Amino acid sequence: MTAPATQELNSTETAEKAFVHAEGIHKRFPVHGGILNRVVANVHAVTDVSFSIARGETLGVVGESGCGKSTLGKMVIRLLEPTEGKVYLEGSEITGLDHKQMMSVRRRMQIIFQDPYSSLNPRLTVRGLLKEAIAFHNVVTPDKMESYIDELIATVGMRPESKDKFPHEFSGGQRQRLGIARALALKPEFIVADEPVSALDVSIQAQVLNLMKDLKEQLGLTMMFISHDLKVVEHFCDNVMVMYLGRVMEKIQSDRLREQAEHPYTRALLGSNPIDDPDERRPLTVLQGDVPSPLNPPPGCPFAGRCPEVQDRCRTEMPPLEMRVNGQAVACWARM
Amino acid sequence: MSETTQQPILRVRGLKTSFRTDRGTVTAVDDVNFDVFPGETIGIVGESGCGKTVTSKTIMRLLPERNSIIDPSSEILFDNLNLATAPETEMRKVRGDRIAMIFQEPMTSLNPVFTIGWQLDEALKYHTKLDKKGRRDRAVEMLRLVEIPNPEQRYKEYPHQLSGGMRQRVMIAIALCCEPDILIADEPTTALDVTIQAQILALMADLKERLGTSILLITHDLGVVAQVCDRVIVMYAGRIIEQAPVSDLFKRPQHPYTKALLESIPKAGKRSEDGRLPTIKGIVPSLFELPKGCRFQDRCPFKEQKCVDIEPDLTAHAFDDRPVRCHFPRNQEVDLTTGATG
Amino acid sequence: MWSYILRRLLYNIPVYLGIILLVMLALRVNDPVTAFLGKNATQEQYDAIKADFGLDRPFYEQYASTVWNIVTLDFSARSWEQKRPVGELITTAVPATTMITVPALMITAAISIMIGLICSFYRGRVADKTLMLLAVLGMSVSFLVYIIVGQYFGGYRLGQEAGLVPFDIEGYDVRLSTLTFWASSPIEAVQTWLQYCGLPVLISVIVAMGYDTRFYRAVMVEETGRDYITTARAKGAGSRKIMFVHMLKNAMIPIITRVMISLPFLIVGSILLEVFFSIPGMGRALITAINAKDFPVVEYMSALFAAVVILTVILTDVLYAVVDPRVRLS
């Protein structure tokens, strides 16, 4: 919380230019305890995160479990309320909008989950599922409903007869297509994809990624792509934001990630990913220890406890996210 | 790394396992043959439902007897014993002592109501003649070996007091405490974060060197295979479709499925022109509705009439001595070059 | 742990006061004195009784004095019907009831947990299917049928006529309620117990077993599918070790829940059994008191039952923490 807001983003000008812009977002989950059930601690899920996504751009958010990436994704489309901070859509603030005002905004922002099955009503057919969302938001007139559903199903590469099937009748990959169809049903402009391919087999993962890529281009979607898989993010996204224990460690263009990433944590993530070529084996980068608890984290850089380049200062003071060329930004005292 | 002049420590021949289900009996793995040599790491790789986990659980005979059938003609030859037909009492002597196993979910694989020490002690009690103090010392030594800080303290703690990575270390300590000949690791790092995965993989490699244990690594992650395996078995729809030394398999896969699988992973630091990944069309066939011929035919770009009519055997072809289950195998180069090193 | 128990007790004080209030209000909806005396009572009789239990006082005074009596464990209020203190009535009835309920509960739990374990382990096999069929069969037959058939065959034909089993049809020996009897001549005590309580215990075990077996089987089936059971097998553990160590200890939470729920009923007992077997226990005492409109007995028994329920709930949570290291009392 002590870190200054990121220098490249805090101007209102950026907020207006960016399609989606978040500024100084925090999320703390209170922990209750004691006889009077008072708040005894806070889980700091997300701490002081700011970013901008230009129209048509895809921002990848990577990090290990507990880094706050999913919480961040949900806050951006206001499925969760940020404890602090503001989110803008096309320059106008959406945090603080009431339920009614949110309705029109919600249509423009959709989410795709890791496990689409648990988010699909098992008692509705595909037609029913899509109809529900479409009718609720009056996307098309009732007489155009059927043809619109047909169109959606075709868009995600499913057969027309899928319309009358139930979610459990599909394989994992097909369900994810269904999840995408439902998100697209409202003709959104911005999509948060939360680990959309993590539960899928490799060959199916490639199919779904290609589908999402095509749709993104055809429909001009802006996306936030959340994943723990660096390779997938690198492949799919324009920019990458690396998070650790609720904080942004580094932001970088994804095609520069491998060579230009500076933050020791980003380098460690890259180095601990197994190689592709068995002839070029190298020892994996092994970080000591585990991710610390987000419950009342210590002051300073959250990565300090595991960082190979830790300095005294890291343990007491959180480094600011320092701007580099090409939109890269690094939060590390050893890289100042 | 494997010394092929040695006798294999485990020979699997004609392994066939079926399951009784509501929809009838279904064969999950069939005609599975492979050897495991002392000290080697052999990977079994494939997508969900390919039969890799069934294969490993059949070797350990851990499948529920109520609905699984190991075909009596199957041979799992280990130490003058056919594990496919050995009585349960013999199996109990093998399990945990000669062949040990670790699993995918470290969070749920340890019994939550017993201490770490108790769970290590249990394995030692079954397979060693050590007294109480001897077992305790051995257990603490194992915890130290898997690099758990404060082993004496951890010995007394319960699983929920440890992180996922630490629990997987405990699982490894339990598995290795009786110095088994073979360690079967079923997706040991799938549930772990990548930095923790790196820790566990490094630990397994280190322990393999020190203890000389053979490792049978079941995984869907080709990166993990490339990183740690000496030889690889690729499975598809209940069959082995290709078997090769790791470098040959990655550089020159002969089965169209293997090639397509390798290509469909996003490559580190490399993107194709149009930003699309090569894919395999369609999905894995249901084990209930397998085609007559090759099981990959519907997804194969090189399908011919022969593939529809006759299922290929797993045999070596003229240009190489590697077994491939394909009528028309080809030496296909796969470009693995990365944009940069990580 | 003690601070936890203390805190829970404190939290439950207002709950308990509320329960007593509700019980007292409910019992006063119909004038209890008129109910007891009937229509033909004289005004003197009415006033005497009303004064006897202090019903002539304002309600808040009655409430305060009842609460005070309970807090000070003063059960000297007299039964209208039996002309003796409620406390005495309870202390003679409770031992007789527990002579049946406690062994019944213990035997039922032990046997049905065992059967549950075996069934889950051999799920789908003949043994499992047979036992489950028997369980459903056992559940489908009425309690009364068991009592009548049990008394006829167990008590009369096999017991009194043939002398094969030591069961009597009905009755109770008050010596069983005294510790001295059990301590001085334990063999005779067991024989006497079998004679009078053997049959009712057997019947309640049979009745409860169908339900319990099915419940414990479901619990154990879930246990057999756990990852740590596979781990235990991979370590080389045998079936017995897996069933009685790994599975049983993990199943303790549902087992405790199930057993503790029936704990308050150990005190109240089974009205049917006590009436049919002429056991002078709490169940019979309560039903007699209700029939006779014996107001003080009903009031104090309800208060006692509520207290037992609250204590049971607290004890259950404490036991959870004892068997499962993940449960922390705070």
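I need the full set of residues from segment B:188-216 which are within 12 Å of the chain's Cα centre (by Cα) and more than 12 Å from every other protein chain (Cβ to nearest Cβ), in order please.
B:P188, B:S214, B:I215, B:L216
Residue-wise test of (1) at pLDDT 90 or above; (2) surrounded by fewer than 19 Cβ atoms within 10 Å (Cβ to Cβ); (3) among the hydroxyl-bearing types (S, T, Y).
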site	(1), (2), (3)
A:S104	no, yes, yes
A:L120	no, no, no
A:V126	yes, no, no
A:V139	no, yes, no
A:G157	no, yes, no
A:P160	no, yes, no
A:H168	no, yes, no
A:S171	no, yes, yes
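What number of residues in segment B:98-107 are of a type in the set (A, V, I, L, M, F, W, C) and either more than 7 Å from every other protein chain (Cβ to nearest Cβ) or within 10 Å of C:G236 (Cα to Cα) (or both)? Talk me through it step by step, then tell me what you get.
Here is the first cut: in segment B:98-107, the residues of a type in the set (A, V, I, L, M, F, W, C) are B:99-103, B:107.
Narrowing further to those that are either more than 7 Å from every other protein chain (Cβ to nearest Cβ) or within 10 Å of C:G236 (Cα to Cα) (or both): B:99-100, B:102, B:107.
Number of matching residues: 4.
Can you find a residue in segment B:226-242 that is free of Cβ contacts under 8 Å to residues at least 40 places away in the same chain and either touching a Cys at 6+ places or on another chain (Cβ under 7 Å) or in the same structural domain as B:G39 (by TED's automatic domain parsing) (or both)?
Start the filter on segment B:226-242 by keeping residues that are free of Cβ contacts under 8 Å to residues at least 40 places away in the same chain, which leaves B:226-227.
The next check asks that each one be either touching a Cys at 6+ places or on another chain (Cβ under 7 Å) or in the same structural domain as B:G39 (by TED's automatic domain parsing) (or both); those that pass are B:226-227.
Yes; the residues of segment B:226-242 include at least one that is free of Cβ contacts under 8 Å to residues at least 40 places away in the same chain and either touching a Cys at 6+ places or on another chain (Cβ under 7 Å) or in the same structural domain as B:G39 (by TED's automatic domain parsing) (or both).
Output yes when any residue across segment C:118-126 is without any contact (Cβ under 8 Å) to a residue 12 or more places away in the chain and open to solvent by less than 70 Å² (accessible area, probe 1.4 Å), and no when none is. It would help to see each step written out before you state the result.
Step one: filter segment C:118-126 for residues without any contact (Cβ under 8 Å) to a residue 12 or more places away in the chain, giving C:122, C:124-126.
Restricting the remaining residues to those that are open to solvent by less than 70 Å² (accessible area, probe 1.4 Å) gives C:124.
Within segment C:118-126 (the criterion being without any contact (Cβ under 8 Å) to a residue 12 or more places away in the chain and open to solvent by less than 70 Å² (accessible area, probe 1.4 Å)), the answer is yes, since at least one residue qualifies.
Taking interchain pairs and intrachain pairs at least six residues apart, which have beta carbon atoms under 7 angstrom, with the first residue in segment C:163-190 and without any contact (Cβ under 8 Å) to a residue 12 or more places away in the chain and assigned to a helix (DSSP H, G or I) and the second small (G, A, S) and open to solvent by less than 70 Å² (accessible area, probe 1.4 Å)?
C:F181/C:A189; C:W182/C:A189
Sort through A:D229, A:D276, A:D214, A:D255 and tell me the only one that's open to solvent by less than 20 Å² (accessible area, probe 1.4 Å), on the phi < 0 side of the Ramachandran plot and of a type in the set (D, E, K, R).
A:D276
Only one of B:G39, B:G46 is at pLDDT below 95 and away from every other protein chain (no Cβ under 13 Å); which? Spell out the reasoning first.
Numbers: B:G46 fails: away from every other protein chain (no Cβ under 13 Å).
Exactly one residue qualifies, and that residue is B:G39.
Is one or more of the residues making up segment C:38-59 among the aromatic types (F, W, Y), farther than 25 Å from C:A292 by Cα, more than 26 Å from the chain's Cα centre (by Cα) and open to solvent by 50 Å² or more (accessible area, probe 1.4 Å)? Break it down stepwise before answering.
Initial filter on segment C:38-59 (among the aromatic types (F, W, Y)): C:46, C:53, C:59.
Narrowing further to those that are farther than 25 Å from C:A292 by Cα: none.
There is no residue in segment C:38-59 that is among the aromatic types (F, W, Y), farther than 25 Å from C:A292 by Cα, more than 26 Å from the chain's Cα centre (by Cα) and open to solvent by 50 Å² or more (accessible area, probe 1.4 Å).
Regarding segment B:14-30, can at least one residue be identified that is of a type in the set (K, R), in contact (Cβ under 8 Å) with a residue 40 or more places away in the chain, part of a strand (DSSP E or B) and surrounded by fewer than 18 Cβ atoms within 10 Å (Cβ to Cβ)?
Within segment B:14-30, the first condition is being of a type in the set (K, R), and the residues that meet it are B:16, B:20, B:23.
Now restrict to residues that are in contact (Cβ under 8 Å) with a residue 40 or more places away in the chain: B:16, B:20, B:23.
Okay, now just the ones that are also part of a strand (DSSP E or B), so B:16, B:20.
Within this subset, residues satisfying the condition of being surrounded by fewer than 18 Cβ atoms within 10 Å (Cβ to Cβ) are B:20.
Yes, segment B:14-30 has at least one match.
Would you pick out the residues in segment C:218-236 that are open to solvent by 50 Å² or more (accessible area, probe 1.4 Å) and outside any helix (DSSP H, G or I)?
C:G225, C:R226
Please tell me if B:L110 is more than 19 Å from C:K241 (Cα to Cα), at pLDDT 95 or above and in the same structural domain as B:I215 (by TED's automatic domain parsing). Outline the logic, then answer.
Working: more than 19 Å from C:K241 (Cα to Cα): no; at pLDDT 95 or above: yes; in the same structural domain as B:I215 (by TED's automatic domain parsing): yes.
Considered against the rule, which asks whether it is more than 19 Å from C:K241 (Cα to Cα), at pLDDT 95 or above and in the same structural domain as B:I215 (by TED's automatic domain parsing), B:L110 comes out as no.
Quick grid of which residues meet (1) in contact (Cβ under 8 Å) with a residue 24 or more places away in the chain; (2) open to solvent by 40 Å² or more (accessible area, probe 1.4 Å); (3) at positive phi; (4) within 11 Å of another protein chain (Cβ to nearest Cβ):
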{"site": "B:M91", "(1), (2), (3), (4)": "yes, no, no, yes"}
{"site": "B:G96", "(1), (2), (3), (4)": "yes, no, yes, yes"}
{"site": "B:A123", "(1), (2), (3), (4)": "yes, no, no, yes"}
{"site": "B:A139", "(1), (2), (3), (4)": "yes, no, no, no"}
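How many residues are crowded, with 19+ Cβ neighbours inside 10 Å and of a type in the set (G, A, S) when one looks only at segment A:306-331?
Qualifying residue count for the region: 2.
If I go through segment B:179-193 residue by residue, how many of them are open to solvent by 20 Å² or more (accessible area, probe 1.4 Å) and out of contact with any Pro (no Cβ under 7 Å at 6 or more places or on another chain)? Break it down stepwise before answering.
We begin by selecting, within segment B:179-193, every residue open to solvent by 20 Å² or more (accessible area, probe 1.4 Å); these are B:179, B:181, B:190-193.
The next check asks that each one be out of contact with any Pro (no Cβ under 7 Å at 6 or more places or on another chain); those that pass are B:179, B:181, B:190, B:192-193.
The number of residues fulfilling the criteria is 5.
Can you confirm whether A:R123 is assigned to a helix (DSSP H, G or I), charged (D, E, K, R) and within 29 Å of B:S286 (Cβ to Cβ)? Even if it seems obvious, please write down each step before you answer.
On the way: assigned to a helix (DSSP H, G or I): no; charged (D, E, K, R): yes; within 29 Å of B:S286 (Cβ to Cβ): yes.
It is false that A:R123 is assigned to a helix (DSSP H, G or I), charged (D, E, K, R) and within 29 Å of B:S286 (Cβ to Cβ).
Taking segment B:125-137 as the search range and keeping residues that are away from chain C (no Cβ under 11 Å) and not in a loop (DSSP other than H, G, I, E, B), which one is most open to solvent (accessible area, probe 1.4 Å)?
This residue is B:K132.
What single numbered condition from (1) modelled with pLDDT of 85 or more; (2) under 22 Å from B:R252 (Cβ atoms); (3) facing chain A (nearest Cβ under 10 Å) fails to hold for B:P312?
Result: B:P312 fails condition (3) only.
Kindly indicate whether C:I111 is open to solvent by less than 60 Å² (accessible area, probe 1.4 Å) and either in contact (Cβ under 8 Å) with a residue 60 or more places away in the chain or of a type in the set (S, T, Y) (or both).
Details: open to solvent by less than 60 Å² (accessible area, probe 1.4 Å): no; either in contact (Cβ under 8 Å) with a residue 60 or more places away in the chain or of a type in the set (S, T, Y) (or both): yes.
Considered against the rule, which asks whether it is open to solvent by less than 60 Å² (accessible area, probe 1.4 Å) and either in contact (Cβ under 8 Å) with a residue 60 or more places away in the chain or of a type in the set (S, T, Y) (or both), C:I111 comes out as no.
Residues of segment B:104-121 being surrounded by fewer than 23 Cβ atoms within 10 Å (Cβ to Cβ), in a loop (DSSP other than H, G, I, E, B) and not aliphatic (A, V, I, L, M), which ones?
Hits for segment B:104-121 are B:Q104, B:E105, B:P112, B:F114, B:T115.
For segment B:161-177, indicate whether the set of residues that are part of a helix (DSSP H, G or I) and touching a Gly at 6+ places or on another chain (Cβ under 6 Å) is non-empty. Show your work before the answer.
Residues of segment B:161-177 part of a helix (DSSP H, G or I): B:161, B:164-176.
Filter once more, so that each one left must be touching a Gly at 6+ places or on another chain (Cβ under 6 Å): none.
No, that holds for no residue.
Take the conditions open to solvent by less than 20 Å² (accessible area, probe 1.4 Å), of a type in the set (A, V, I, L, M), under 21 Å from B:E209 (Cβ atoms) and touching a residue at least 40 places away in the same chain (Cβ under 8 Å) and apply them to B:A100. Does it pass? If you could, list the steps in order and put the result at the bottom.
Details: open to solvent by less than 20 Å² (accessible area, probe 1.4 Å): yes; of a type in the set (A, V, I, L, M): yes; under 21 Å from B:E209 (Cβ atoms): yes; touching a residue at least 40 places away in the same chain (Cβ under 8 Å): yes.
For B:A100, the condition - open to solvent by less than 20 Å² (accessible area, probe 1.4 Å), of a type in the set (A, V, I, L, M), under 21 Å from B:E209 (Cβ atoms) and touching a residue at least 40 places away in the same chain (Cβ under 8 Å) - is met.
The values are calculated or read from the model by the stated rules, or taken from the named source; none is laboratory data. As the structure is a computational prediction, the values presented were derived from the model and not from experiment. Note that we place each Cβ from the backbone using ideal geometry, even for glycine, and neighbour counts take in every protein chain shown. Note: areas computed on protein heavy atoms with side chains; ligands, DNA, RNA excluded. Shrake-Rupley method; radii C 1.70, N 1.55, O 1.52, S 1.80 Å.
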